[in-house]
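Note sheet for the following structure.
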Amino acid sequence: MVLRGSRRCENHDRENSSIEFVPLCYHCLRKNSRFFFALRAQGLERRALICTPHFAQQAGRQVYTLNPDLLLKLEFPSNPELLCVVRGAMERLTERMGFSERESRSVTRAVDEAVTNIIRHAYRGQPNQPIVLTCYRLPKAVGSELAQGLEIVLEDQGEPPDPGRLRGRSLDEIKPGGLGLHYIRESMDVVEFSSSGGTNQLRLVRCLRPENTIQDS
Amino acid sequence: MQISVRRIDKTAILELTGSIDLSSSPAVRKILLNELRESRTPRVILNLEKVKYIDSSGVASLVEGLRASRDIGSRLLLFGLTPVVREVLQLSRLLKIFEIYENEQQALSA
């Protein structure tokens, strides 16, 4: 049985009439193999599973569904010693995506500065707090010069930043500090900050310029 | 990050190797400010030839060193900027603020 039409997804707490929901957890769905294969024959099993983690959680199982646009996910503690690891991962990823050497350095610098800000300001230097870095490949924008890009989402559970600090400072003044946000804004096409339910989220987007080629594997 | 200090007459040459980021910039800042404020070295030269990366906290340490040198009437000079370091200083509009030279010889004779 597949329920169609508008229905609130309990797991994601949003309505989406285009998604079909299966009123079974993944565990039960797999046990009902006939039903599972029937869904798969219609290409619906993947959509159905979008909402199954909630049901699976009730059944005591955790289900991971992989976003097809996911490129990289790192979960690491707020230890400054790990910044070099994050930079290494970002350098390789951006090179692989087809960013030029200069662009790659630029994106890597932005991410490094964003993580540094989380460590210094959100967590006030505490070294064992969680940081999650997730990178997605952006889909092609039809009719746009910016064909593809990289979306980077950084999440932490520290103190939300002071809105005044997010504006950055003028570079006319020669003084130490306050440059990190300037580097981020100079490097990225989109910089968005939000905070909800105790989680701070920084979303960064860098578009691939048309002259760069995508190296699909 | 490795920092070594050489002295030639009244000049201290600090050779920095590796990445200057949040984990290493406090050490750079400490040594630099110690040379300037405590030792009162008349001329401090930073060799940046082997610096692979520098972040905003590293740049902040250099700016703090520059201010300290001006406060006590000494000089802070840089040489051997890698493209990565040059790019960051340019982005911070600091290229014209520092005394920058191509190599050690030029910095010593400046």
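The values are calculated or read from the model by the stated rules, or taken from the named source; none is laboratory data. What you see is a predicted model; the values in this text were computed from it and never measured. Heads up, the Cβs are rebuilt from the backbone with ideal geometry, glycines too, and the neighbour counts pull from every protein chain shown. Just the protein is used for accessible areas: all its heavy atoms, side chains included, with ligands, DNA and RNA removed. Shrake-Rupley method; radii C 1.70, N 1.55, O 1.52, S 1.80 Å.
Key figures
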item	result
Local net charge near residue A:132, Cβ-Cβ under 10 Å (Lys/Arg +1, Asp/Glu -1)	-2
Cut-off 15 Å between beta-carbons: net charge of the residues surrounding residue A:81, Lys and Arg +1, Asp and Glu -1	-1
Between segment A:92-143 and segment B:1-33, the Cα center-to-center distance that results, in Å	27
Using a Förster distance of 25 Å, the FRET efficiency for residue A:195-residue A:132 (Cβ separation, nearest 0.05)	0.95
Fraction of accessible area attributable to carbon and sulfur, segment B:1-69 (%, probe 1.4 Å)	44
Sorted peptide list for A:104-117, B:26-39, criterion being average Cβ within 10 angstrom, highest first	A:104-117, B:26-39
Complex-versus-alone comparison for segment A:77-113, residues with a loss of 30 Å² or more in accessible area, probe 1.4 Å	A:80, A:87, A:102, A:105, A:109, A:113
Kirkwood Rh in Å, taken over chain B so that all alpha-carbon pairs contribute	13.6
Chain pair B, A: total accessible area buried, heavy atoms, 1.4 Å probe, Å²	2100
Those residues of segment B:26-75 for which accessible area with every protein chain present is at least 40 Å² below the isolated value (1.4 Å probe)	B:53, B:56, B:63, B:67
Positions from segment A:180-194 whose accessible area shrinks by 10 Å² or more when the full protein complex is built, not the chain alone, probe 1.4 Å	A:182, A:183, A:186
Pairwise label distance in nanometres, residue B:5 with residue A:124, each label 7 Å out on the Cα-Cβ vector	3.3
Listed residues B:90, B:13, B:47: farthest to the positive end of the dipole of segment B:1-107 (Cβ charges)	B:13
Theoretical FRET efficiency, 1/(1+(r/R0)^6), r = Cβ-Cβ of residue B:70 and residue B:109, R0 30 Å, to 0.05	0.90
Long-range amide H partners of residue B:45 with built H, under 5 Å	B:12, B:13, B:14, B:77
Solvent exposure of chain B as accessible area per residue, Å², 1.4 Å probe	47
